[in-house]
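Enquirer: Encoded as structure tokens, here's the structure I'll be asking about.
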Amino acid sequence: GVSRPTVYAYFDTREALVSAALGRVGTQVAERVTVTARRRARTAGEFAVEALVAVRREFRAEPALQPIMGMGGAWDATDALSAEALAVARPIIAPIVGYDPRLAPHLDEVVETIVRWLLSLLMFDSSRTASEPALRGYLARVVVPVIESMAAAED
């Protein structure tokens, strides 16, 4: 309901407008994911599983995030592993250290690993990941041992 000149008075380019909108949605999603994962998890591995389940749910439910899932254009999946993207993901995953402080020296690697898993979950579905209960079971078998081994590397 606003004119183009009004929009461009606040944003220099269309990309700046889209970036601001995605940033706002991203912040809201991050808050919901963190609350959900913290509420359900008792261990670092469970936190990783619950964060992945919650993020996938949010990406599927939030229309503004559809381009990131490859449904809306020229988004490059490598952008998800850029320094900026990992910096956005870090605060979402950082509470994992509260479950197991041995992960602190590996936090950046944990964040990148979880983002890589998320990309896979967003792009590919199978019977092992189609429903949330199936996804949760699959991630418990696959993700939890990796997170535990990262923590154990400090022992």
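A short reminder: the numbers here are calculations on the coordinates, not readings from a lab. Being a predicted model, the structure only gives us computed values, none of them experimental. Quick reminder, even Gly has a Cβ in these numbers, built from the backbone with ideal geometry, and neighbours come from all protein chains shown.
Enquirer: For the chain, max minus min Cα coordinate along each principal axis, in Å, sorted largest first?
Expert: Here the spans come out as 58, 35, 28 Å, largest first.
Enquirer: Turning to a different aspect of this structure: How far apart, in nanometres, would the label points at Arg116 and Ala83 be if each is projected 7 angstrom from Cα along the Cα-to-Cβ direction?
Expert: 2.0 nm
Enquirer: Between Ala83, Ala104, Ala37, which gets the highest mean-square fluctuation from a Gaussian network model of the chain, Cα cutoff 10 Å?
Expert: Looking only at Ala83, Ala104, Ala37, the largest GNM fluctuation is found for Ala83.
Enquirer: Now, a different point. Return the sequence-ordered ³J(HN,Hα) values of region 43-52 in whole Hz as given by the Karplus equation 6.51 cos²θ - 1.76 cosθ + 1.60 applied to θ = phi - 60°, using x for Gly and Pro.
Expert: Residue by residue, region 43-52 yields 10, 4, x, 5, 4, 4, 4, 5, 5, 5 Hz.
Enquirer: For Asp12 and Arg128 in the same chain, what is the full-extension length gain: residue separation times 0.36 nm, less their Cα-Cα distance, in nm?
Expert: Gain on extension, Asp12 to Arg128, equals 37.3 nm.
Enquirer: Residues in region 15-44, backbone N under 12 Å from the label point at Arg57 (7 Å along the Cα-to-beta-carbon vector): list them, ranges by number please.
Expert: From region 15-44, the list is 32-41.
Enquirer: Starting from one equal scatterer on each C-alpha and no solvent at all, send me the Debye-based log10 I(q)/I(0) for region 1-51 at q = 0.27 Å⁻¹, two decimals.
Expert: Debye output, listed in q order: -0.94.
Enquirer: Based on Cβ point charges of +1 for Lys and Arg and -1 for Asp and Glu, what charge dipole magnitude is obtained for the chain about its Cα centre, in debye rounded to the nearest 20?
Expert: 620 debye
Enquirer: Related question: Given a Förster distance of 35 angstrom, what is the FRET efficiency for Arg102 paired with Ala64, based on the Cβ-Cβ distance and rounded to 0.05?
Expert: With a Förster radius of 35 Å, E is 0.45.
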